[in-house]
Structures are given as structure tokens and as C-alpha cells.
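To keep things clear, I will list the structure first and then write my remarks on it.
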Amino acid sequence: PSGWLTDAMLAHVRSQMPLVYINVVPVRVDATGQITHVGLLLRVDEGAMSRALVAGRLVYHETLRDAIVRNIEKDLGLAALPRVPLSPTPFTIAEYFPTDGFGTFHDSRQHAVALCYVVPVDGECEPSQNALDIVWFTPEEAASDEVAAEMTGGQHAVLRHALAHCGAIGF
């Protein structure tokens, strides 16, 4: 697709400059807009199983809204039916560094800046791409130390911040 780099070009760019990503916390909400469940992906990365948020790059000439929808559909399937935020303003920004221990967030491949969103999804979610499964947790379960231990790169901090931002857990 237009805007995609070859593997070699991507490796070169990753070694030279930060890339823009999005992180999405997919949620189910009740009629009053309260979060009832949080969807976390089950992935295999570098031979280890982990829980993860929906995540992906912003590609050249793509709007934030389009990137949110594309990455949700990539990870959760075409029938996820996301409710794209009215404003493209993220609830927080996570800066991932390639050096472990340098900051809260780590991505061994690159320096990346992730715009973070909470997005309600109304449809059927079927994991795709490299996601093996999606599991729905209550906000309390999702914020637990047990789930945090299953997440990598600091994504548990984004998750907890998202839940606190939406009033689903205390901060």
C-alpha cells in the first residue's frame, strides 16, 4: 500500500529518527458510557506470549482517524465497529526508546512516539495479523499487577493511565 516502506528502508528510518505510532485501548461501554470491559490482545513476540494494546504506525498522508480505524481493523478484524473519537487529541503520549531502562516505555526496534486513545468497539472482534486472541477484562482486572506482568514495553502504564483518564479506576 501507498505509504509503506520496504523492510530495508524501515530499518534505516528506525535507526535515524523516531516514528509516529498510535496505541489504542479497545473498550466496551454501557449505555451511560462507563467502561465495562477492556480488550487486550494475546501475542507472541520474540518467542514469548504477552498481552498487548492495539498498536501500529501512522503511514504517510494518513489522518489520525484513519490510522486508528486501520490499526483496529488490522488487529481486531473488520467487524470490530470502532467508535472513532470525535477529537483526534490523544489522552496521553508514550515515548518508546530502544534502550531498555531509558524511560517508562521500551521498543527494542526503534525510538517511537505513540499517540494513545481509548476507543469503544461495538462489533465482533476477531484477532488477526500476529494476534492470537483477544480477551476482555473488567477494568479492575485489566489494571491488576497480574495483567501488568503479562504486558511488555511499558504498555501496562498506558493501560492504567487510560482507565484512570476515563474514571474506570482510581489513579
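The values are calculated or read from the model by the stated rules, or taken from the named source; none is laboratory data. Please read all numbers here as calculations on a predicted model, not as lab measurements. No Cβ is skipped: glycine too gets one built from the backbone with ideal geometry, and neighbour counts run over all protein chains shown. Each accessible area value is taken on the protein alone, full model and side chains, heavy atoms only, with ligands, DNA and RNA left out. Shrake-Rupley method; radii C 1.70, N 1.55, O 1.52, S 1.80 Å.
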Q: Tell me which residues come under 5 Å, amide H to amide H, from residue 133 once H is placed; ignore anything under 5 positions away on its chain.
A: 42
Q: Using amide H atoms built 1.01 Å from N in the peptide plane, name the residues 5+ places from residue 152, or on other chains, whose amide H lies under 5 Å from its own.
A: 51
Q. Per the Kirkwood definition applied to all pairs of different Cα atoms, how many angstroms is the hydrodynamic radius of region 1-63?
A. 14.6
(Q) I'd like the trypsin sites (Lys or Arg not before Pro) in region 1-106 restricted to DSSP loop residues with at most 14 other Cβ atoms within 10 Å, sorted by number. (A) 83
Q) With Cβ to Cβ distances under 11 Å as the rule, what net charge do the other residues near residue 79 carry (K, R +1; D, E -1)? A) -4
(Q) What does the C-alpha gyration tensor say about the overall shape of region 57-171? Classify as rounded when a/c is under 1.5, otherwise prolate if a/b is larger than b/c, or oblate. (A) rounded
Q. On a 0 to 90 degree scale, rounded to 10, what angle separates helix 155-165 from the longest Cα axis of the chain?
A. 40
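Please tell me the relative contact order of the chain in percent, rounded to the nearest whole number, where contacts are Cα pairs under 8 Å and at least six residues apart.
28
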Q: List the chymotrypsin sites (Phe, Trp or Tyr not before Pro) within region 1-105 that fall in a DSSP loop (any state other than H, G, I, E or B) and whose Cβ has at most 12 other Cβ atoms within 10 Å.
A: 4, 60, 102
Q) Which value at 222 nm does the chain reach when only helices count, each DSSP H run of 4 or more adding -39,500 (n - 2.57), with the total divided by all residues and rounded to the nearest 500 deg cm²/dmol? A) -7000 deg cm²/dmol
Q. In terms of modelled amide H atoms, which long-range or inter-chain residues lie less than 5 Å from the amide H of residue 19?
A. 111, 112, 113
Q. Residue by residue through region 5-12, which ³J(HN,Hα) values in whole Hz follow from phi under the Karplus form 6.51 cos²θ - 1.76 cosθ + 1.60 (θ = phi - 60°), with glycine and proline marked x?
A. 9, 5, 4, 5, 5, 4, 4, 5
Q: Express the carbon and sulfur contribution to the solvent-accessible surface of the chain as a percent, rounded to the nearest whole number, probe 1.4 angstrom.
A: 57
(Q) So, for the chain, what is the accessible surface per residue at a probe of 1.4 Å, expressed in square angstrom? (A) 53
Q) Tell me, what ³J(HN,Hα) does each residue in region 67-80 have, in order and in whole Hz, if you take phi through Karplus 6.51 cos²θ - 1.76 cosθ + 1.60 with θ = phi - 60° and put x for Gly and Pro? A) 5, 4, 5, 4, 6, 5, 5, 4, 8, 10, x, 5, 8, 5
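Please report the net charge: other residues with Cβ closer than 10 Å to the Cβ of residue 54, K and R +1, D and E -1.
-1
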